[in-house]
Amino acid sequence: MKFFLDTANIDEIKRINDLGLCDGVTTNPSIIKKEGKDFETVVKEIASIVDGPVSAEVTSYTYHEMVEEAKKLAAWKENIVVKIPMTEDGLKAINTLSKEGIKTNCTLIFSVSQGIMAMKAGATYISPFMGRIDDMGESGKKLIENLRRIIDIYGYDSEIIAASIRHINHLEQAALAGSHIATIPGSIFEKLWTHPLTTAGIESFKKDWDAFQNR
Ligand code: G3P
């Protein structure tokens, strides 16, 4: 399973990348807004830190505008993947871009049928939003399980990025559901390797060892 960081915060990206745990980065307009930096500057900086794919989202919504914008974004750096929303124009754009060898991440997926459409259009990645699906009283885990089944049955090339991950349990559910990738906010990432019993265990071992040394 690959881990992407769902952030545009350079410090978070450097920290996780230095651990060897960052396989890629995803951004969206809200994430970019949060950092308050120029879009092009921050995306280029992220793409130079991380070897893996870096998703940058189009901000236009018509087919021609999306294709034009996607080509501009993809030209910024070779590891940039263009995020395209799941709409009719978006599907058409994904189709065109995939034929031109531009990698795409079809975002805002909330149903199996949307996922199939994105796969058929040639999306490199599809991004079901686990947290927002759970907010609706449905199951993000089930959606990912079903999307993975469809990929395995029909041999689609798309990879699933479990997105809108809000807590550790989402990451565990995404892993068990067979998601190829999970994209995780920095604040959740560090919780993945911490556990109160690990901290308590280290403290008690240290205390016993120090007492043993000073006997
Ligand atoms: O990966 C998509 C994510 O950035 C959206 O998360 O928590 O706003 O649903 P959230």
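The values are calculated or read from the model by the stated rules, or taken from the named source; none is laboratory data. Since we're looking at a predicted model, the values are computed, not measured. With ideal geometry, Cβ positions are generated from the backbone for all residues, glycine too; neighbour counts draw on all protein chains shown. Each accessible area value is taken on the protein alone, full model and side chains, heavy atoms only, with ligands, DNA and RNA left out. Shrake-Rupley method; radii C 1.70, N 1.55, O 1.52, S 1.80 Å.
I'd like to know if region 57-66 contains one or more residues that are among the β-branched types (V, I, T), within 16 Å of the ligand (Cβ to nearest atom) and closer than 24 Å to A174 by Cα. For region 57-66, residues among the β-branched types (V, I, T), within 16 Å of the ligand (Cβ to nearest atom) and closer than 24 Å to A174 by Cα: absent. In the set (1) assigned to a loop (DSSP other than H, G, I, E, B); (2) within 11 Å of the ligand (Cβ to nearest atom); (3) within 30 Å of T96 (Cβ to Cβ), Y156 fails one condition alone, (2).
H195 fulfils the conditions (1) open to solvent by less than 100 Å² (accessible area, probe 1.4 Å); (2) within 11 Å of the ligand (Cβ to nearest atom); (3) out of contact with any strand residue (DSSP E or B) (no Cβ under 6 Å at 6 or more places or on another chain) except for a single criterion, (2). Does any residue of region 60-79 turn out to be charged (D, E, K, R) and closer than 20 Å to F129 by Cβ? Within region 60-79, none of the residues are charged (D, E, K, R) and closer than 20 Å to F129 by Cβ. Determine if region 6-28 includes at least one residue that is within 14 Å of the ligand (Cβ to nearest atom), open to solvent by less than 30 Å² (accessible area, probe 1.4 Å), in contact with a helix residue (DSSP H, G or I) (Cβ under 6 Å, 6 or more places away or on another chain) and small (G, A, S). Within region 6-28 (the criterion being within 14 Å of the ligand (Cβ to nearest atom), open to solvent by less than 30 Å² (accessible area, probe 1.4 Å), in contact with a helix residue (DSSP H, G or I) (Cβ under 6 Å, 6 or more places away or on another chain) and small (G, A, S)), the answer is yes, since at least one residue qualifies. Looking only at region 29-56, filter to residues that are among the hydroxyl-bearing types (S, T, Y) and within 15 Å of the ligand (Cβ to nearest atom); which one of those is nearest to T124 (Cα to Cα)? Looking at the filtered set, the residue picked out is S55.
Residues checked against (1) touching a helix residue (DSSP H, G or I) at 6+ places or on another chain (Cβ under 6 Å); (2) open to solvent by 80 Å² or more (accessible area, probe 1.4 Å); (3) among the basic types (K, R); (4) assigned to a helix (DSSP H, G or I):
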site	(1), (2), (3), (4)
L171	no, no, no, yes
G178	yes, no, no, no
S187	no, no, no, yes
K191	yes, yes, yes, yes
T199	no, no, no, yes
I202	no, yes, no, yes
K207	no, yes, yes, yes
D210	no, no, no, yes
R215	no, yes, yes, no
